[in-house]
Amino acid sequence: NSFCTLLVRVPDETTAPLAMAVYKSFTHEEATERFRLPADRDLKRTKTITVALEDPSNAAAEAKLKQEQLRQYFHATYEIFEKCLEPLNCDEAFTVPPVHKLRHPLIFYLGHTATFYLNKIALAGLTTRINHKFEETFAIGVDEMSWDDLNEAHYDWPAVADVWKYRRALRERIDDLFAKYTMPLPLTFENSSDDDAHAFFWAVLMGCEHERIHLETASVHVRELPMKYVRHVPFWDPCTEEGEVPTENPLVEFAGGKVKVGRDFDSPIYGWDCDYTTGLTIDVAPFKAQEHIVSNAEFFEFVKDGGYTKQELWDEEGWNWVSWKKPEHPWFWAKADDGSFKLRQQCTEIDMKWSWPCEVNNLEATAYAKWLGAKQGKTFRLPTEAEWLHMRDVCVADQGDQHQWKVAPGNINLEHYCSCCPVKKFKQGKLYDIVGNVWEHCETAVYPYAGYKVHPLYDDFSMPTFDGRHRCMKGGTWVSTGNEATRDSRFAFRRHFFQYIGIRLIEGPAVDETKHMKNVLGLDPPVDLAAQRSYSELPSGVDVSPKEVYPKVLADLAVAAFKAHAKGCEPKRAMDLLTGAGRASYELSLTFGEVIGVDFSARMLQPAFAMRERGMATYSTIVDAATGERKAYTVFAEGRPWANRREDVMFYQSDPANLHAHLNGFDLVLAFNIMDQNTSYNPKTVPAHVMGRINQGGILFVAEPKSKQHANALSAAQYIEEIGAAGEVVAQPTLLSLYMPETEDAGKIVDFEVFAVRKL
C-alpha cells in the first residue's frame, strides 16, 4: 500500500506545515488485480530477463514465457521506482530544486521515467500520445554540460497529482500493448528495429533499464533533500552493522594480461549502445590494487590534514571546483556543532559509519590519490576501465553475471541492504567489493568501443558523453539493478557529479587513457558535417553570394528582416531553430541580448556546447570520398566577433512542434530546414506552434529547401497557410542559394525558399 493517501507528521524543525502529498499510484493490491501480478512479488532481488532463444525446438513456448517475464519485469521496475519516492512527505518535496542545481527536482523524474516509454514507442510508430505537453515537458533530462546549468525559473511544473495520474495511464497503456505483439526471439541490439514486434519489446526493455538508472539517481536525490521533506519508510532502512574500522588497506597484486572489453552484439541481456563492441581486447600491465574501498575513516585523514585547502593536491578542474564549492568534507557527511559527523541516508541521518565506504566525486578521488601517494612515498591513481574489468574477472568471474546469480556476491541489486555497508563485509576473491557497495571511480573517460553504433530509438544516450570529460564508473552500488549490475555496463559522469561512488586506488605504470578518444574521428558523420558547415571556410570557386557559410548568411538575413519589419520589439531575445552546431545562434548574439539555440537531437548540439563552454570544437571532414578517409579539425571562438558573447547563448534539446514552456517570448525566431529535416514528432504543427512563441510584432524568419525530401514537408505557401491569421507576411518567399559541404572540398548548392512573417 505504498502510495495510498498518507497522513504525514511534519518534523518539528519545519517552520510551517507542508502541503499534504496525495499519491495516486496503484496500491500493491490494486496492481496485483489490475495487472494479474503475483501477490508475493519481491521488488528486491529482481533479475534482468534474458532475451536469447535457448531452445529452438520449443521456440513458441519460450517466447510466450519470456514475454510474460518481460511484462512482469516492466511492472516490477515501475513499482520499485515509485517505491523510491515513497519517503517524500509532501508535494513541495517533489518540486524543490536540489541544492546543487545540477539536476531537476524530483517531479521531473516522476514524469520522465514514464514518458520515456511512451516517447520511444511512439517514435517507433507503435502507439499514440497520452498527453503531448507532459511528453515534451518530461522528455529531456540533464546533460551535465556545465557545473551549474539549470535555471528552474525556466520550468513550469504541473501538479504532482496530475503526474501520478499520468503514470497510472501510462502503466495501463504499456500493459495493454503487450497483448498486441508476440515476442520474437532472440531479441538483440542488431535486430531490434526489424519490425514492429522487435521494436516494441526492445523499447520496453530500454524503458525498464532507463527507469532503473533513474531509480539510482532519484535515490541520490532523495538522500540530498532537506530532512523536513522526508519521512521514515522501513523499506529503505539502512544497514545497522558497524563493522571493523580498517587500520590498513594492503595492496593486492594482479598479473594483468589480455582483457575482453565490451558486450557482444548477440548478448542474451539488454545493453546500451556504448556497451557493445565487435570484439575488443586490451593488454593490461601488472598492477597492485587496494584490497578494499577507501573507508570514511581513511578519507577523514585527508580531511583532517587539510586536503581541501591544499591546491597542490588538485588538478586544474578539481581546484576550480574547490574554489567554487568550498567543500570541507564529503558531500553526504553532516557536521554537527560539536565537530562530530553524521552520515545522511535515504530517510534519516545516522551516526558516522567509519567502516563504510567514503562517497566522493572523481575530483576528490584524484586529489586523495595524490595525497596518499605523498604520505606513503608511492604513486597512486584510479584504475582504468580495463584494469577494473581484469579485477572483476579474477575475483568473481566464476559467479557469472547478474542474471545468473543465485545470490548477489556483494551489496548490489537491493539483495542485502538499502545503504552502504562495511567495506570488509563482502570478500570476493582477492578483494572486497569489486562488485557492489559503491561504484568505483576510474581514470578512463568513456569512449566508443570498436563497432559502436547508435540505436535509432535513442540516438543520443552515449554520444554526448564521448567528449573526454565524462569519467567511467564501474562495479555498481547497493541500489544498482538490471543492466547497471552487469559486468559490461558502462556509465559515466562529469567529474564534479556525486553518486554512490567510492575510491579504490591503483599502484601501477602510468597510463594515457586519452588514446581511446582517437577512434571518435568520424564516429558521428551528421554531427561532423554540421560542425563543418558551421565553422569551416567555403572552398575557393564556390559560386554563391554572399560567400559565407550558410548559418552566418541566414543569421544576417534574419537580423536584417527584424530591423526592417519588427514592430514594437527590441532585439532582446531570439531563438535559432534548428541550431545544429550553433553558428547561427552565436551570430545572432551580436544583435540580441539573449539567444537560445534549439535542436531536436542532443547529439547535434555537441559542437555548440563545446564552443560555448570551452571556446573550441572539433570535427572531421571526408578527404577521400572513395575510402572515407577523414581529417580532423579544431576550430576556436577566439578571433570571431561573437567570441565574448558566448555566455549570452544557451542551447536546449526540444521538439519544434512541442517546445518547452520556457521557450517563449521571442522577438525573433530563425527557423531553418525544419520540415525537410523531418526532425519533429509532428512537423505540420510547427509553424503555428512556433508563431505562438513570438512576441507581438516579432519576426519569424523561415528558410526551407525548395526541393523536398520528405512527404510531410511544406512549401512556403503551405507554411504560411498553417500560420494563418497569427501573422502577416512581411517578406515574400524568394530563392536563396546556399552551399552545403559534403566532403573536404566538395559540396552542393541548394536552393532555399526564405520569407519573413510578423506576429500579429
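The values are calculated or read from the model by the stated rules, or taken from the named source; none is laboratory data. Keep in mind the model is a prediction, meaning the values are calculated, not measured. Reconstructed Cβ throughout: ideal geometry from the backbone, glycine too, with neighbour counts over all protein chains shown.
When the strands (runs of 3 or more DSSP E) confined to segment 589-700 are screened for residues that are over 22 Å from L557 (Cβ atoms), those reaching at least 3 such residues are found at 616-624, 629-636, 649-653. Cβ-Cβ distances below 7 Å connect the following pairs, each with a first residue in segment 601-619 that is farther than 24 Å from L457 by Cβ, a second residue that is hydroxyl-bearing (S, T, Y) and not in a helix (DSSP H, G or I), and a separation of six or more residues or different chains: E613/S146; M616/T634; T618/Y633; T618/T634; Y619/Y633.
Taken over segment 347-398, the criterion of being assigned to a helix (DSSP H, G or I), touching a strand residue (DSSP E or B) at 6+ places or on another chain (Cβ under 6 Å) and either under 26 Å from L313 (Cα atoms) or of a type in the set (G, A, S) (or both) is satisfied by N362, A365, A369, E385, A386, E387, W388. Scan segment 695-742 for residues that are under 37 Å from the mean Cα position of the chain (by Cα), farther than 14 Å from M675 by Cβ and among the charged types (D, E, K, R) and the total you get is 1.
Every condition in (1) over 30 Å from L110 (Cβ atoms); (2) in contact with a Phe, Trp or Tyr (Cβ under 9 Å, 6 or more places away or on another chain); (3) not small (G, A, S) is met by P250 except one, and the failing one is (2).
The residue pairs whose first member lies in segment 718-739 and is not assigned by TED's automatic domain parsing to the domain that holds V702, whose second member is of a type in the set (S, T, N, Q) and in a helix (DSSP H, G or I), and whose beta carbons are closer than 7 Å, counting only pairs six or more residues apart or on different chains, do not exist in this structure.
The condition of being in a helix (DSSP H, G or I) and surrounded by fewer than 23 Cβ atoms within 10 Å (Cβ to Cβ) does not hold for K567. Taking each residue of segment 94-117 that is more than 21 Å from K228 (Cβ to Cβ) and looking for partners that are in a helix (DSSP H, G or I) and among the charged types (D, E, K, R) with beta-carbon atoms closer than 6 Å, six or more apart or interchain, yields T113/E211; A114/R167; T115/E135.
Give the residues of segment 532-549 that are acidic (D, E) and either touching a residue at least 40 places away in the same chain (Cβ under 8 Å) or part of a helix (DSSP H, G or I) (or both), sorted by residue number.
So in segment 532-549, the residues acidic (D, E) come out as 537, 543, 548.
Listed by number, the list holds a single entry, D543.
A single entry from P464, P448 fulfils the requirement of being buried (at least 22 other Cβ atoms within 10 Å of the Cβ), within 30 Å of F200 (Cβ to Cβ), in the same structural domain as P286 (by TED's automatic domain parsing) and under 17 Å from the mean Cα position of the chain (by Cα): P448.
In this structure, is K228 assigned by TED's automatic domain parsing to the domain that holds R487 and in contact (Cβ under 8 Å) with a residue 24 or more places away in the chain? Step through it out loud before you land on a result.
Details: assigned by TED's automatic domain parsing to the domain that holds R487: no; in contact (Cβ under 8 Å) with a residue 24 or more places away in the chain: yes.
When the stated conditions are applied, K228 does not pass them.
Of all residues in segment 550-572, those that are at pLDDT 95 or above have Cβ atoms under 6 Å from Cβ atoms of residues that are in a helix (DSSP H, G or I), 6 or more apart or on another chain, in P551/S534; P551/R583; P551/A584; K552/E587; L554/A584; A555/A584; A555/E587; A555/L588.
If you go through segment 515-525 one residue at a time, do you hit one that is crowded, with 21+ Cβ neighbours inside 10 Å and part of a loop (DSSP other than H, G, I, E, B)? Yes; the residues of segment 515-525 include at least one that is crowded, with 21+ Cβ neighbours inside 10 Å and part of a loop (DSSP other than H, G, I, E, B).
Could we say that L538 is outside the structural domain of T384 (by TED's automatic domain parsing), under 30 Å from P687 (Cα atoms) and either at pLDDT below 90 or of a type in the set (A, V, I, L, M) (or both) here? So L538 fails the test. Surrounded by fewer than 20 Cβ atoms within 10 Å (Cβ to Cβ), in contact with a strand residue (DSSP E or B) (Cβ under 9 Å, 6 or more places away or on another chain) and either at pLDDT 95 or above or part of a loop (DSSP other than H, G, I, E, B) (or both), is that true of F235? Taking the combined requirement at face value, the residue does not satisfy it. Of all the listed residues (A93, A39, A60), the sole one being more than 21 Å from the chain's Cα centre (by Cα) and surrounded by 21 or more Cβ atoms within 10 Å (Cβ to Cβ) is A93. Between Q72, Q67, the distinction of being under 18 Å from P184 (Cβ atoms) and either assigned by TED's automatic domain parsing to the domain that holds N413 or not in a loop (DSSP other than H, G, I, E, B) (or both) belongs to Q67 only.
When K406, K453 are screened for being under 19 Å from A492 (Cβ atoms) and part of a loop (DSSP other than H, G, I, E, B), only K453 passes. Applying the condition of being surrounded by fewer than 24 Cβ atoms within 10 Å (Cβ to Cβ) and in contact with a Phe, Trp or Tyr (Cβ under 8 Å, 6 or more places away or on another chain) to segment 587-597 and asking which residue is farthest from D528 (Cα to Cα) yields T591.
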